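The values are calculated or read from the model by the stated rules, or taken from the named source; none is laboratory data. Quantities reported herein were computed from a predicted structural model and do not represent experimental measurements. Cβ sites come from the backbone with ideal geometry, for glycine too, and all protein chains shown count toward neighbours. The protein model used for the area step is the full one, side chains on, heavy atoms only, and it has no ligands, DNA or RNA in it. Shrake-Rupley method; radii C 1.70, N 1.55, O 1.52, S 1.80 Å.
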Amino acid sequence: MIPHHFENLISDVTCFKAHGKYLYVCVILDLFSRKVVAYRVSAQNTTYLITSTFKQAYKSRNSPQNLMFHSDQGVQYTSKTFRELLRLNKVVQSFSRPGTPHDNAVAKAFFATMKREEIYRTSYVSERQFKESIGNYIEFYNSKRPQITLNLKTPNQFEEHNQQMQKAK
């Protein structure tokens, strides 16, 4: 049996200073469609940030089987707590090689795009405004921003198209 297209999730965390406070954004993307399937914003870069974002992603994808989760080797991703969560859900964990950021290029590219198109264009007056801005941008990215790698479809359109193709088979 061929695994479903959402078998590979990738994740990364980035930090922004908004209204004088550091905030961390964790995203999890579907490698096939480039869709952001989960994200969280937190004042702390903790294992809880990673585990809660993963649980959100896993639930949004209906607890998929044959899932691989890829990230860098940050301490939150290599923590016993997170590794146990993946093991309990039968998820295979994959890591970028040390000192090789291009191994996680899709997540890095997403953050670069979000920074360029949204974050660097806004002066945030509150943490709440920052969180709303991130949520609005991700909604825009998934549903309105065509991507060259997806044949000028949005991530949502790309997934819908591929679901239709699977049904037609």
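Per-structure values
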{"item": "Which numbered condition Glu127 misses (of (1) modelled with pLDDT under 90; (2) more than 16 Å from the chain's Cα centre (by Cα); (3) open to solvent by 50 Å² or more (accessible area, probe 1.4 Å); (4) not basic (Lys, Arg))", "result": "(1)"}
{"item": "In the range 57-74, the residues that are within 12 Å of the chain's Cα centre (by Cα) and touching a residue at least 40 places away in the same chain (Cβ under 8 Å)", "result": "Ala57, Phe69, His70, Ser71"}
{"item": "Whichever residue in the range 137-156 is more than 15 Å from the chain's Cα centre (by Cα) and open to solvent by 90 Å² or more (accessible area, probe 1.4 Å) and, among such residues, is nearest to Gln44 (Cα to Cα)", "result": "Lys144"}
{"item": "Index of the failed condition, Glu132 passing every other in (1) in contact with a helix residue (DSSP H, G or I) (Cβ under 7 Å, 6 or more places away or on another chain); (2) more than 27 Å from Ser63 (Cβ to Cβ); (3) surrounded by fewer than 16 Cβ atoms within 10 Å (Cβ to Cβ)", "result": "(1)"}
